[in-house]
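First the structure, in the form of C-alpha cells, and then the observations on it.
The values are calculated or read from the model by the stated rules, or taken from the named source; none is laboratory data. All of these numbers come straight from a predicted model, not from anything done at the bench. So basically every Cβ, Gly included, is an ideal-geometry build from the backbone, and we count neighbours across all protein chains shown.
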Amino acid sequence: MAPDTTITAAAPGKNSPDWWRSVESACQGRWADSKAFEAEPDDSRPKKFITVAYPYPNSPQHIGHGRTYTLADVHARFWRLRGYNVLFPMGFHYTGTPILGMARRVQDKDAELIGNLRDIYGVSERDIGTFADPLTIARYFHNEIKMGMKEMGYSIDWRREFTTIDPAYSKFVEWQISTLRRLNLIIQGSHPVGWCPKDQNPVSQHDTLGDVEPAFTEYVMIKFAVDGYAVPVATLRPETVFGVTNLWVNPDTTYRKVAVSRDGDGGNDPKAEKWIVSAECAYKLGFLGYAVRDEGEIAGSDLVGEMASEPELLYQQPQQQQQPRSNGPGRKIPVLPAKFVEPGTGTGIVMSVPAHAPYDWQALRDLQGSRDGDDSIPQGSSAAAAAVAPPVKSLAASVLPISIIRTDGYGDVPAADAVSAIPDCEGQSDPRLEPATKELYSKEFYEGVMSRDGPTAQFGGMPVREAKDAVGAWLADSGCAEAFLEIADAPVRCRCGSECVVKVLNDQWFLNYGDPKWKEAAHGCLNGMDILPDEIRQEFAHVVDWLHERACARQHGLGTKLPWDDNWIVESLSDSVIYMAYYTISRFVNDGTVTPEQMVPEFFEYVMAGRGRNIGGADGADPPSGGNPDENLDAAVAKWRSESGIPDDALEAMRREFEYFYPVDYRHSGRDLVPNHLTFFVLNHVAIFSQEMWPRGIVVNGSVLMDGSKMSKSMGNIIPLRKAIREFGADPIRLAIIISAELLQDADFNMESVHGMRSKLEAMHAECVRLGERGGEGEGGSVGLGDANTRQDAAPSPEDVWLLSRMRQITSSVSESMEKMRLREALHLVLFETESVLQWHARRAAAKRRLESDTHGILRAVTTTRVTMLQPFAPHVAESMLEALGYSHEARAVAAWPAPAGLGPADHAALQAESLLKSVLDDIASILKVTKITPSRIILYVSGDGSPKRAIYRNVLQSVLGGESSMKQVMGGLMSRSDAAYAKKMPEYVQKAIADILSDPVTIREARLAASGPAGDSDNGGDGDADDATSGTGGTAGQEPFSESSFLASELPGIALATFGAKTDVYSEGDPDIYDPQSKARHARPFKPAIFIE
RNA sequence: GCGGGAGUUGCCAAGCCUGGUCAAAGGCGUAGGGCUUAGGACCCUAUCUUUUAGGAGUUCAUGGGUUCAAAUCCCAUCUUCCGCACCA
C-alpha cells in the first residue's frame, strides 16, 4: 500500500490545517507523478482547450485573482471528468511598464512601496533588496504565483509554461504583428499621451504620484492679433467666439514673445508665426508638436489697452452684412486686465464673452465699477474699480455684451442673470462664480440654440451642443484655430516628482480597430461564440462597434521590438491577444525541439496557418488555411520548409498539436477585460486565423469584494492566496469563492464562509469514512452507482426509490448548470440540496427503524455520486473521500462524471408520494402550532377512491396541464364532460382543486395525473384523446394506480410517531367503521387528506 | 455624455431569461433548546403580521400597464455601482 493513500483516507483530526495540508500535498504529488494534466493530442477523444488570462507578476496572487483561475480550473476539471481531453495551460505576462516603475521606486527607496511589499505581500527585506532589477521582481512573483496555483490544485499543464519575454515568444509576437501589418491593419499617426519631461517617458496611472490617471482637456486655441503678433486664446466654448467683446490678460503676468513653427525650428522657419502667450503655455507648446523659440517678453500690463483684431474669418462672412455687429466688420476689441486669468491655464490669455460667461460679465462690471449713477454696482468692487486707470475704465465702459445664444429661462444676457442670482457678489474673485458658470454652461450646452440673427446667422438655430464642434471645425479649417491639449486635473506629477505635460507623439503605430470590415468579421465570430454568461454578449458587440485606432507600440518597457522599426516596442496588450496559440507549441520550445532562431515567420505560417503544406506536393487536398490568402507567402513557406533545419517529424508534431487543440474552446477572464483584452482577442483572431480556428467561447467573471468592500492596499484587506491556503486549505477556499456568487456578480468573500465550507467538507469526509468502514460491493471496482440497489428483498422501500429519483434529478441539474458555468448553482445542489435530500431519507429510515446494514448500500452509492460531482470543486478532499469510501487508486483516477442514467429511471410516482407525505406532516405540524394541543391521536381521512372529487380533480389536472388554468376555462372543460357536470354543484371545490394543483411542481402534477387512476376510468367513452396524451407520464403506466390511503397507512404512522409522539389512524372518506367525531372527513380532497387531532 | 449592471423580507444574497411549485433557497445575525458544565466548535427549532385547525393579510425601489395569475413580462420615474483607451 502506497503511503499517500493512507494519509488521505484518515479523518481530519484535531489539527485540521495539518490534515488539509497532508491531503493536498498527497493529491498534488500524485497528480504530478501521473502527469494527470499533461494533455497530448489524442484523436480518440474530443478535446477542450481552456485558457485564462495569464497573470502579470508584480504582486502575489490574492483571493481576487484566485477567483478567475479557480473558475477556469473547475471548468477544466469538469470537462475532463466528462471524458474530454482537456488542455489547461498557463503563462506569465512580463511585458509592460508597471514592473519597471516598481523597480525604479525600489531604487528610490520609496517607503510606501517597500512597506507594502513587506507588510502586505510578506516579501523579506533581503528579497526587497534585489528588487531594483525589474526582472528580479517579475521572477520573484512569477514563482510566488506559480506556487500558489499549484497549492490551489489547478490542473495546469506546466510543461507549456512561458513568459512573454522569452526569445521564442518574441518571435511569435513578431510574426503576429508583421502579419497584421501585411494585412494593412496597422497604420501610423499622431497621438497625445501624458508625458514626464524629466524621464522622457509616457506616464500612465501607475507612474504618477497618487496613481492619478492623466486626463486631457481639449481646448480650441483661437488666434487674435495684436501689432503683428498672434494672440491665441484657449477656450472650451468655441461657439461663443461670435460674442467676444474683449480679451483678458493678467496684468501681473509677464508674457513671452515666441516664434512658433509646426515643423522645422521656430527661429529659422520662414513660415514661423510670432505669438504672445504665457511662459507656461510656451513651454507646453514645445511638447505639442510645435517648435518654439523665445524672442523676449512683454508685461501683461503693457498689453492692457491694446486693441486686438479678431480672426478675419469672422467678418468675411456675407451673412453678417445684414446686421453688422456693434463694432462693425474688421472691428478691434480692447485688451483688458483681469485677475482671474491664470497664466498656467491655456495660453494665459482669455477671450471675453460677457453675455454668456459670468466671470467675464463680472470682470467687466469690476472695471466699470465707478461709473456714475449705477446703483447695482456690487459692493466691494468699488475699491478695485477705483484703482483702474481712467483710460482702461473708459475702454471697459464702451464694451457692450453681444448675445448669441438663446436659452429658455434666460434673458438676452444670461451671464447677467446668473450673476444677479448671486447675492452681494464680491467681484470676479467671488468663489460663487465658479458654480454659476458651470450651471450656465451646462444649461446653454444642452438647451441653448444659436441665435438666428446677427453674427451667428451662419449657425443660426443650431443647438449649442452641435454648434460647439461645428464652429470649432470651421475655425480650424480656416487656420484661425488649433487644438490645444492640457492635463485636465493638473498638476499631475510623475513618481519622479516632475509635473507631467501632454505630449503629441507623431509617429505612433495603431491597430486600426476602426476598420469596418474588421468589425464585421468580429461580429460574425462573436455571434457564433458561446458567451458565458450570455448577458455580457451585447457588451462585446458594443465594444466592437465603439473601438477605433488603438496604439499598439510604445517606446519604453519590457517587450518585443517592432520588426520594422526598432524604436518601438509592441504594446503589452497587443502582444497578448493570440498567444493561446503559442501554448500549443511552447512545450516544444521548452524541451528544445525547436529553437528561437528557427522560429521565423514562415515557421508560424506553416504551423499555425497551414501554409506551404501542399505546394508542389503530396496531395493538394489541403487548401492553405490561413485567413489571408497570399500565394507568394505560400511559396516562401514551402521554400523555407525545405531548408529550415527542423526535422519533419518535429514540425509535423507541432502542426498536429496546433490542429488538434486549436481553436480555444473557452477563454476565461475578469469582467474588466471585456472592453479591451477579450475583444482584442476576438478581433485579432479573426484577422490572423482562418475561420475554423476562431475562438469558440468566452467566460467572464465579476470581481471579488472582501467583506463587502473593495480590496485595496490602503485598507489592508488584501489576503494573499498562499497565506489563506496555509490557514484554511485550498478546497475550502475554492468552495467559498464559488459559492459566494454567480459568474458575473461581484463575489463577496469572507473568512466565515471559508470556515463554513471547511466544516462542511470535514463532515462529509467523516461520513465517507463511516460508509467506507462497512465496505461495499463496489470496493476496488469502478466508481459508480452499480451497487445502488443492494437490497436483497424484492420491493425497495419507497424512500429508497425516492432518494434515487431525487439524486437523478440533482445529477442532471448539476450537469446542466456546469455546462453553463453556473457553478454556484451546481455547487449548491451538490452541497446543500443533496444534504437535505439525504436528511429526509435518514429521517424516514430512522422512523422505520431500518438497520444501518439495510441503508448502507444506497447511501454509499448516493454519496459516491455526490463526491464525484464534488471533484471539480474540491479536487483534493473529494479524492480523499472516494478513498475513504473504499475505492481503489485506479478507480479514483478515472472516476467519471455521473450520468443520471446510472441511477435508474426517475420515478415520478415515488416523488409525488413523498411529496404527499411531507405535506401531510407539514399540515399536522401547522395545526399543532396554531392550536397548541399536545397530540395523543392523529386521524387522517383520505378522499375516497371513487368519490366525485377524484373525477373532478383528475379533470382539473388535465385542464391545468393542458395550459387552461383559469376558473372559467376549467369549469368550461368540466361542463363538457358528461359525468363531471357534478362539478357545477361544488364550484368552491373546483376553485380549491385548481389552487392545490397550481401549488405543486409540474412533475408532481404529471405524476398525480398518472397516479389518479388508469385513463378513461371515469369517462363514459368518447374523449380518449386527452387521456392518451398523458397516460405515459410519470413512468407508472401499466402499474397499479397509486393509492393514497394504503401509502399513507403504511408510511405515515411511523414518521408521525417519531415526529409528534402520537399514534396515527388513516381512514378513507367513506369507510363504514370511520371514527369521525367532528365530521372532518368531508373536507378531504385528493392528495389533501382531512386531519383530526385529539 | 456613451455603454453595461444593480435596487428582494435585520444584513449578505438566490429567484427574474422559461409568469402559477414564492411569504420567497442559502448564509450571517438574533431567540430558544440540545450537546450535559473549555471553545468565536457542532446539532435542532424559530425568525413579515395575524390566527386555539392545516387559514388569512400585507410585501420583492416607486408609479402605471398586460394577465385568470407578476418579485418574475411591458412602460415611465427615482436611487446606486462599474468601464470609457495606449493601461495591466
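Listed values, structure above:
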quantity	calculated
Qualifying residue in the range A:371-379 (condition: hydrophobic (A, V, I, L, M, F, W, C), over 15 Å from A:K339 (Cβ atoms) and at pLDDT below 80)	yes
Residue in the range A:598-609 that is at pLDDT below 90 and closer than 23 Å to A:S170 by Cα present	no
Condition check for A:L917: in contact with an Asp or Glu (Cβ under 9 Å, 6 or more places away or on another chain), among the aliphatic types (A, V, I, L, M), within 19 Å of A:P1053 (Cβ to Cβ) and within 15 Å of RNA strand B (Cβ to nearest atom)	yes
Verdict on A:K710 being surrounded by fewer than 17 Cβ atoms within 10 Å (Cβ to Cβ) and over 17 Å from A:T70 (Cα atoms)	yes
Whichever residue in the range A:387-415 is surrounded by 20 or more Cβ atoms within 10 Å (Cβ to Cβ) and of a type in the set (G, A, S) and, among such residues, is nearest to the chain's Cα centre (by Cα)	A:A415
From the options A:D469, A:D515, residue that is crowded, with 16+ Cβ neighbours inside 10 Å and of a type in the set (D, E)	A:D515
Options A:K968, A:K992, A:K1063, A:K984: the member that is within 16 Å of RNA strand B (Cβ to nearest atom), over 17 Å from A:S915 (Cα atoms), at pLDDT below 80 and among the basic types (K, R)	A:K968
Residues satisfying the stated conditions in the range A:763-802, i.e. among the hydroxyl-bearing types (S, T, Y) and at pLDDT 75 or above	A:S797
In the range A:495-523, residue nearest to A:T208 (Cα to Cα) [restricted to those that are in contact with a Leu (Cβ under 9 Å, 6 or more places away or on another chain), within 12 Å of RNA strand B (Cβ to nearest atom) and touching a residue at least 40 places away in the same chain (Cβ under 8 Å)]	A:V502
Selection count, the range A:95-111, where residues are touching a helix residue (DSSP H, G or I) at 6+ places or on another chain (Cβ under 7 Å) and within 12 Å of RNA strand B (Cβ to nearest atom)	7
Which listed residue is surrounded by fewer than 19 Cβ atoms within 10 Å (Cβ to Cβ), closer than 30 Å to A:V607 by Cβ and within 13 Å of RNA strand B (Cβ to nearest atom), from A:I186, A:I165, A:I145	A:I165
Residues being near RNA strand B (Cβ under 6 Å from one of its atoms) and either touching a helix residue (DSSP H, G or I) at 6+ places or on another chain (Cβ under 7 Å) or in a helix (DSSP H, G or I) (or both) - total across the range A:548-560	1
Candidate set: the range A:524-540, residues that are more than 9 Å from RNA strand B (Cβ to nearest atom) and either at positive phi or not in a loop (DSSP other than H, G, I, E, B) (or both); chosen: the one surrounded by the fewest Cβ atoms within 10 Å (Cβ to Cβ)	A:N527
Single condition A:G616 does not satisfy, out of (1) at negative phi; (2) modelled with pLDDT under 90; (3) small (G, A, S); (4) away from RNA strand B (no atom under 16 Å from the Cβ)	(1)
Only one of A:A138, A:A215, A:A132 that is surrounded by fewer than 20 Cβ atoms within 10 Å (Cβ to Cβ), in contact with a helix residue (DSSP H, G or I) (Cβ under 8 Å, 6 or more places away or on another chain), of a type in the set (G, A, S) and touching a residue at least 24 places away in the same chain (Cβ under 8 Å)	A:A132
Test: residue in the range A:204-212 that is over 28 Å from the mean Cα position of the chain (by Cα), in contact (Cβ under 8 Å) with a residue 60 or more places away in the chain and either away from RNA strand B (no atom under 15 Å from the Cβ) or surrounded by fewer than 18 Cβ atoms within 10 Å (Cβ to Cβ) (or both)	yes
Residues within the range A:110-129 that are crowded, with 16+ Cβ neighbours inside 10 Å and within 30 Å of the chain's Cα centre (by Cα), tallied	5
Candidate set: the range A:468-494, residues that are within 16 Å of RNA strand B (Cβ to nearest atom) and not in a strand (DSSP E or B); chosen: the one farthest from A:D408 (Cα to Cα)	A:V492
Residue in the range A:72-90 that is assigned to a strand (DSSP E or B), of a type in the set (A, V, I, L, M) and at pLDDT 95 or above present	yes
Unmet requirement for A:P935, which otherwise passes all of (1) surrounded by fewer than 16 Cβ atoms within 10 Å (Cβ to Cβ); (2) part of a loop (DSSP other than H, G, I, E, B); (3) within 14 Å of RNA strand B (Cβ to nearest atom)	(1)
Boolean, A:K949 is part of a helix (DSSP H, G or I) and within 9 Å of RNA strand B (Cβ to nearest atom)	no
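Yes or no, residue by residue, for (1) touching a Cys at 6+ places or on another chain (Cβ under 8 Å); (2) of a type in the set (D, E, K, R):
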{"residue": "A:L511", "(1), (2)": "yes, no"}
{"residue": "A:C525", "(1), (2)": "no, no"}
{"residue": "A:D534", "(1), (2)": "no, yes"}
{"residue": "A:D545", "(1), (2)": "no, yes"}
{"residue": "A:R554", "(1), (2)": "no, yes"}
